């Protein structure tokens, strides 16, 4: 086995291991387009509460869901018209998180009790692979305690959360300088500028 094959096998193994940790109710860290994220199964209330506890974040703020494919997000999304559906499905040149109507199945611990939910289809290879292996959308919130800068390296994740995560995937963040832009799917209004 050459070094490139070994590196690929190791990465795949470590992503599967992180996916198993999520399935078991754990919180993992993984790279996204701009920063490292903390993630878990959005339907597991205890896991989401653990993410919020690690960050010092209030439930009312809600969290973003990411997925490799739109189908993984659909159970959490309410009714969209054809244009809105197309807007959400088309991946642009940069990461965009869309605020969309929440479905009845979207948990309040994800939405923050709102009738909307923030979702993004990720093209980051590690985040997307993790979502595919888990088989569902994932909670995605920046890997940092409130008041600290988001981690941009695995080393910083270790410094922030040493020994308190179920796993940390391999990989590095993408080239975006800032976290994803957030837009309202209905109005197109930019709620947060992005990288």
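Going from the residue with the fewest nearby Cβ atoms within 10 Å to the one with the most, 148, 124, 189 rank 189, 148, 124. If you model the range 46-140 as an ellipsoid using its alpha carbon gyration tensor, with each semi-axis the square root of five times an eigenvalue, the axes come out at 21, 17, 11 Å, biggest first. Binning the C-alpha pair distances of the chain at 5 Å intervals from 0 yields a P(r) profile of 1, 8, 17, 21, 22, 16, 8, 4, 1, 1, 0 %, listed from the shortest bin outward. Highest mean packing first, where packing is the average number of other Cβ atoms within 10 Å per residue, the peptides 178-187, 114-123 line up as 114-123, 178-187. When DSSP beta bridges are restricted to pairs lying wholly in the chain, around 60% turn out antiparallel. Approximating the spin labels as points 7 Å out from Cα along Cα→Cβ, the residue 153-to-residue 108 distance works out to 4.2 nm. Highest mean packing first, where packing is the average number of other Cβ atoms within 10 Å per residue, the peptides 46-55, 76-85 line up as 46-55, 76-85.
The numbers here are math on the coordinates, done by the rules we state, and not lab data. Treat the numbers as computed from the prediction; the structure is a model and nothing was measured. Positions of Cβ are backbone-derived with ideal geometry, glycine not excepted, and every protein chain shown enters the neighbour counts.
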